[in-house]
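Worksheet: the structure to be examined is printed underneath.
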Amino acid sequence: MLIFAGLGNPGARYARNRHNIGFMALDAIARTHRASPWRGRFQAEACEATIGTEKIVLLKPQTYMNESGRAIGEAARFFKVAPADIIVFHDELDLAPAKLRVKLGGGNAGHNGLRSTTAVIGNEYRRVRMGIGHPGLKELVHAYVLNDFGKAEGPWVEDLCTACADNAELLAKHDDAGFQNKVHLFMEARGHGAVKRLGEKSGD
C-alpha cells in the first residue's frame, strides 16, 4: 500500500489557489482511477484506488497547509506505510509553471506543508514538485500562492494534473524517473514547453 497526499487548503475559498495544485492533482487521479468516494478520515478527505497492482490511499489534509503533516502522519501510522511509500504532490515556486520534478527527501524550500510533513514523518518521503513559478520578490510570495490561477494558466494546470493521473502507475511502481519523463513528454506535446516564469524574458 502507498499513500498519495496532495497539499492544499480546505474549502471553496482556496480551491483554485496556486497553493492548491496538490489537491487538484489528487482529484484528477481519483477520477481517472475510479477511486472510492471521498470521506472524512485522518483529519483529511480520503479515498482509495487500485492503480496498476497497488492499493493507494489518496489523502487531502483538511488541517490547512501549515499542519498537513498531522493528517499524513495519522494515515501513515494507521496503514503502517513507510515514508518511501508516501508521495506528496505540492506547488513548487522554484520550478517554472507547467514543469514537474520528482525527488526523494531534500529541503523544504520554505514550503510550510512540506515542513509540517517532515516534522511528523521524517524527510525520506517522495515529493512531486509541481511548478507554479515565482512572483519575483519574496514579499510577494504569500499573496501569489494564495491567489487563484489566472485564466491563461488554466490549460497547463489541467494538463499537468491529467498527466499526473495518467502516469500514476509509474509512481506506484517506484519508477519516479519514468513518471517524470512521461509527464514532461506529455506537456511538451501539449505545447507547454515554453511556459515562462512571471517576469522572465524570452530567451532567458
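The values are calculated or read from the model by the stated rules, or taken from the named source; none is laboratory data. Keep in mind that this is a model prediction, so the values were computed, not measured. Please note: Cβ atoms are built from the backbone with ideal geometry, for glycine as well, and neighbour counts cover all protein chains shown. Each accessible area value is taken on the protein alone, full model and side chains, heavy atoms only, with ligands, DNA and RNA left out. Shrake-Rupley method; radii C 1.70, N 1.55, O 1.52, S 1.80 Å.
Among the candidates F42, F78, the residue that is farther than 17 Å from H19 by Cβ and either open to solvent by 40 Å² or more (accessible area, probe 1.4 Å) or without any contact (Cβ under 8 Å) to a residue 12 or more places away in the chain (or both) is uniquely F78. Of the strands (runs of 3 or more DSSP E) lying entirely inside the range 1-77, those carrying at least 3 residues that are at pLDDT 95 or above and touching a Ser or Thr at 6+ places or on another chain (Cβ under 8 Å) are 44-51. Suppose we keep only residues that are touching a strand residue (DSSP E or B) at 6+ places or on another chain (Cβ under 8 Å), farther than 12 Å from K99 by Cα and among the hydrophobic types (A, V, I, L, M, F, W, C) within the range 155-172. Which one would you say is surrounded by the fewest Cβ atoms within 10 Å (Cβ to Cβ)? Here the answer is A172.
Scanning the range 131-144 for any residue that is under 26 Å from T50 (Cβ atoms), of a type outside the set (A, V, I, L, M, F, W, C) and within 15 Å of the chain's Cα centre (by Cα) turns up nothing.
Do we find a residue being open to solvent by 60 Å² or more (accessible area, probe 1.4 Å), part of a loop (DSSP other than H, G, I, E, B) and in contact (Cβ under 8 Å) with a residue 24 or more places away in the chain anywhere in the range 176-196? Yes. Suppose the filter is closer than 24 Å to F179 by Cα, open to solvent by 10 Å² or more (accessible area, probe 1.4 Å) and not polar (S, T, N, Q); does E139 pass it? No; evaluated as a whole, the condition is false for this residue.
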